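One structure is given here, and the rest of the page talks about it.
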Amino acid sequence: MLTEVTAPATPFVPPYPPRPDKGMPLRQMLRVARENWLAVWAKSSFERDVYGSRLFLRDVVVCNSPDSVHYVFVERHENFQRKSPQHRHALIPLLGDGLFVSDGPLWRERRRVVAPVTHVSRLAELAPAITEAAAERRAQWRALPPGPVDVLAEMGHLTAEIICRTIFGRALGQEAAGKVVAAFADYQARIGQTDVLSLLGLPDWWPRFHGPGVRRAAQRIHAVVDGLIAGILDGGADAGEASLIRAMSEAKVPGTDAPMDRRAFRNEAIVLFMAGHETTANTLAWALFCLSQDSASAERLASEVRGVLGDRVATLADLPSLPFTRAVVEETLRLFPPVPLLSREALGPDRIGDRLVKKGSIILVCPWLLHRKPSLWDQPDAFIPDRFMPGAPKPPRHAYIPFSTGPRICTGQHLGLAEATICLAALAGSFRLALEPGVQVMPVARLTLRPGETLPMRLTPR
């Protein structure tokens, strides 16, 4: 089913890594994947439905159709709930047994404690802090002297500030939040992108070596969050401040009358920070880049914002009146899904379509491929926000999964969409952005999908 929309005669096509005509030899693929695994996919990878190969001693199956995604993530969730060994070992130094990497009874227990923190029912409570932070960032941009601004870093600091105000309360503070942002960027840059030991069949308990830089980055994050937790749980100066993280600290583990222990609490607090700041920051940076290259869409967004808001910053109540701004966010999430690879391990034998799946096989659902599949999307590599305008044909269910899908879907998806729309309206509605001359932008995937390490742009007030 192809989702066709009326598109500009020459829509903007954002950069993407070259696509080889055929699959790479294993050694070359591993080498390329260490730098940017988006570059390993051949042209045919985007077109196929379910296919696989054998990497060393592991079978790998790629699910690239709405039906296969539904089967793996919804219908047979129990058999495919475990994250892949690579995914788990990349995050365990930072998250321990946190929600991102746990499964089974532990995952269900933690999900029931953590999910209410960012549930859609909290939006009205959280949105004023988003509006406040977006207004402050806009005012700071208006006061900047002429010269390039690293928009990727700016969005990281903005979304970290929002997480502080909405989830952690002001106890975390700007300086501490900045330390977490910098340490997580360092962690992403250093963590390995392949787990060859798992592909060779070695068990999970076999030690994985992580360089000292990875450990130091994780320890910096742990130190900041441990300090926050101590302030909340030990009745420190900030203990009385209302925050959702405090509410989570008071929640009882299902089936018991006790809260989570401190290590578990720290792990889930870091999950919330990482999920709430990094993914939205990348989405905003990509959206601002795309608008800088598509003047028609940028002017259309600015006109919508002026017509609805004048010079004020959007509130939650304004969002239904900003459909094009929301469409820009959703099209950005299609082209640049913040987590572009969702990987699972088969807990038992199965069958996906016509393909038999052995226990221990690695199952890949790759939004980077699915969101650019030619049979699902018209001009799949082009930036066309009208795909997501009211009245446009909807993509098939499970063809668009920027927040995953099924039982493990991101509980903060509504919060993230509202946050991105409010912030984008405040910034793109008030400034024209131009990429610094000579800068080459290329999507790079490690743990999340970023436009490189920096995004220098020049701002001109409207």
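Step by step: first the residues of region 118-137, then only those that are of a type in the set (A, V, I, L, M, F, W, C) and surrounded by fewer than 17 Cβ atoms within 10 Å (Cβ to Cβ), then the one that is modelled with the lowest pLDDT. Which residue is that?
Quick first cut of region 118-137, residues of a type in the set (A, V, I, L, M, F, W, C) only: 120, 123-124, 126-127, 129-130, 133-135.
Cutting the leftovers down to surrounded by fewer than 17 Cβ atoms within 10 Å (Cβ to Cβ) gives us 120, 124, 135.
Working: Val120: 85, Ala124: 90, Ala135: 97.
Within region 118-137, the match that is modelled with the lowest pLDDT is Val120.
Among the numbered criteria (1) at pLDDT below 85; (2) in contact with a Pro (Cβ under 9 Å, 6 or more places away or on another chain); (3) charged (D, E, K, R), which one does Arg110 miss?
Of everything listed in (1) at pLDDT below 85; (2) in contact with a Pro (Cβ under 9 Å, 6 or more places away or on another chain); (3) charged (D, E, K, R), Arg110 misses just condition (2).
Residues of region 291-348 being within 17 Å of Ile130 (Cα to Cα) and of a type in the set (Asp, Glu), which ones? Even if it seems obvious, please write down each step before you answer.
Keep residues of region 291-348 that are within 17 Å of Ile130 (Cα to Cα), which gives 305, 309, 311-320, 322, 325-326, 329.
Scanning region 291-348 gives Asp311, Asp318.
Conditions tested, residue by residue: (1) among the basic types (Lys, Arg); (2) crowded, with 21+ Cβ neighbours inside 10 Å; (3) modelled with pLDDT under 95.
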residue: Phe56; (1), (2), (3): no, no, yes
residue: Asp67; (1), (2), (3): no, no, no
residue: Ser84; (1), (2), (3): no, yes, yes
residue: Arg88; (1), (2), (3): yes, yes, yes
residue: Pro93; (1), (2), (3): no, no, yes
residue: Asp97; (1), (2), (3): no, no, yes
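Kindly list the number of the only condition in (1) modelled with pLDDT under 95; (2) under 25 Å from Arg190 (Cβ atoms) that fails for Val441.
The failed condition is (1).
Answer with yes or no whether Leu447 is assigned to a loop (DSSP other than H, G, I, E, B), farther than 23 Å from Val149 by Cβ and touching a residue at least 24 places away in the same chain (Cβ under 8 Å). Steps first, answer last, please.
Numbers: assigned to a loop (DSSP other than H, G, I, E, B): yes; farther than 23 Å from Val149 by Cβ: yes; touching a residue at least 24 places away in the same chain (Cβ under 8 Å): yes.
When the stated conditions are applied, Leu447 passes them.
Would you pick out the residues in region 67-82 that are out of contact with any helix residue (DSSP H, G or I) (no Cβ under 6 Å at 6 or more places or on another chain) and either touching a residue at least 24 places away in the same chain (Cβ under 8 Å) or basic (Lys, Arg) (or both)? Spell out the reasoning first.
Taking region 67-82 and keeping what is out of contact with any helix residue (DSSP H, G or I) (no Cβ under 6 Å at 6 or more places or on another chain), we get 67-71, 75-76, 78-79, 81-82.
Correct list: Asp67, Ser68, Val69, His70, Tyr71, Arg76, Glu78, Asn79, Gln81, Arg82.
Looking at (1) over 19 Å from the mean Cα position of the chain (by Cα); (2) at pLDDT below 90; (3) among the hydrophobic types (A, V, I, L, M, F, W, C), which is the only condition Ala115 fails?
Tallying (1) over 19 Å from the mean Cα position of the chain (by Cα); (2) at pLDDT below 90; (3) among the hydrophobic types (A, V, I, L, M, F, W, C), Ala115 fails exactly one: (1).
Before we move on, is Leu288 within 16 Å of His414 (Cα to Cα) and crowded, with 24+ Cβ neighbours inside 10 Å?
On the way: within 16 Å of His414 (Cα to Cα): no; crowded, with 24+ Cβ neighbours inside 10 Å: yes.
Spelling it out, it is not the case that Leu288 is within 16 Å of His414 (Cα to Cα) and crowded, with 24+ Cβ neighbours inside 10 Å.
Residues that are among the basic types (Lys, Arg), touching a Lys or Arg at 6+ places or on another chain (Cβ under 9 Å) and at pLDDT 95 or above: list the helices (runs of 4 or more DSSP H) wholly contained in region 259-374 that include at least 1 such residues.
Numbers: elements: 262-293, 295-309, 323-335, 367-370.
It comes to 295-309, 323-335.
For region 329-355, give me each residue that is touching an Asp or Glu at 6+ places or on another chain (Cβ under 8 Å), over 30 Å from Trp286 (Cβ atoms) and of a type in the set (A, V, I, L, M). Please lay out each step first, then the result.
So in region 329-355, the residues touching an Asp or Glu at 6+ places or on another chain (Cβ under 8 Å) come out as 335, 338, 347, 353.
If we keep only those that are over 30 Å from Trp286 (Cβ atoms) as well, we get 347, 353.
Of everything in region 329-355, just one residue is touching an Asp or Glu at 6+ places or on another chain (Cβ under 8 Å), over 30 Å from Trp286 (Cβ atoms) and of a type in the set (A, V, I, L, M), namely Leu347.
When the residues of region 292-331 are filtered to those that are closer than 22 Å to Arg450 by Cβ and in contact with a strand residue (DSSP E or B) (Cβ under 9 Å, 6 or more places away or on another chain), which remaining residue is surrounded by the fewest Cβ atoms within 10 Å (Cβ to Cβ)?
Within region 292-331, the first condition is being closer than 22 Å to Arg450 by Cβ, and the residues that meet it are 292-294, 297-298, 328-331.
Still in the list and also in contact with a strand residue (DSSP E or B) (Cβ under 9 Å, 6 or more places away or on another chain): 292-293, 298, 330.
Details: Ser292: 21, Gln293: 17, Ala298: 21, Glu330: 19.
In this case the residue turns out to be Gln293.
Among the candidates Leu38, Leu30, single out the residue that is more than 22 Å from the chain's Cα centre (by Cα), in contact (Cβ under 8 Å) with a residue 24 or more places away in the chain and in a helix (DSSP H, G or I). Reasoning before the result, please.
Details: Leu38 fails: more than 22 Å from the chain's Cα centre (by Cα).
Leu30 is the lone residue from the list that is more than 22 Å from the chain's Cα centre (by Cα), in contact (Cβ under 8 Å) with a residue 24 or more places away in the chain and in a helix (DSSP H, G or I).
Do the conditions hold for Gly416, that is, is it part of a loop (DSSP other than H, G, I, E, B) and modelled with pLDDT under 95?
Numbers: part of a loop (DSSP other than H, G, I, E, B): no; modelled with pLDDT under 95: yes.
For Gly416, the condition - part of a loop (DSSP other than H, G, I, E, B) and modelled with pLDDT under 95 - is not met.
Condition first: in contact with a Ser or Thr (Cβ under 9 Å, 6 or more places away or on another chain), in a loop (DSSP other than H, G, I, E, B) and crowded, with 16+ Cβ neighbours inside 10 Å. Now tell me which residues in region 426-444 satisfy that. Step through it out loud before you land on a result.
Step one: list which residues in region 426-444 are in contact with a Ser or Thr (Cβ under 9 Å, 6 or more places away or on another chain), which gives 426, 428-429, 431-435, 439.
Imposing the further condition that a residue be in a loop (DSSP other than H, G, I, E, B) reduces the set to 429, 439.
Across region 426-444, the qualifying residue is only Gly429.
What's the number of the condition Ala189 fails, among (1) part of a loop (DSSP other than H, G, I, E, B); (2) at pLDDT below 80?
Among (1) part of a loop (DSSP other than H, G, I, E, B); (2) at pLDDT below 80, Ala189 violates only (1).
Can you confirm whether region 222-240 contains a residue that is under 22 Å from the mean Cα position of the chain (by Cα), at pLDDT below 75 and of a type in the set (D, E, K, R)?
no
Report yes if Cys423 is crowded, with 23+ Cβ neighbours inside 10 Å and in contact (Cβ under 8 Å) with a residue 12 or more places away in the chain, otherwise no. Quick ask: steps written out before the conclusion?
On the way: crowded, with 23+ Cβ neighbours inside 10 Å: yes; in contact (Cβ under 8 Å) with a residue 12 or more places away in the chain: yes.
For Cys423, the condition - crowded, with 23+ Cβ neighbours inside 10 Å and in contact (Cβ under 8 Å) with a residue 12 or more places away in the chain - is met.
What's the number of the condition Asp49 fails, among (1) of a type in the set (D, E, K, R); (2) more than 18 Å from Arg372 (Cα to Cα); (3) over 23 Å from the mean Cα position of the chain (by Cα)?
Asp49 satisfies every listed condition except (2).
How many residues does region 53-87 hold that are under 24 Å from Arg108 (Cα atoms) and not in a helix (DSSP H, G or I)?
Final tally of qualifying residues: 5.
The values are calculated or read from the model by the stated rules, or taken from the named source; none is laboratory data. Because the structure is a prediction, the values reported are computed rather than measured. FYI the Cβ positions are ideal-geometry reconstructions off the backbone, even for glycines, and counts take in every protein chain you see.
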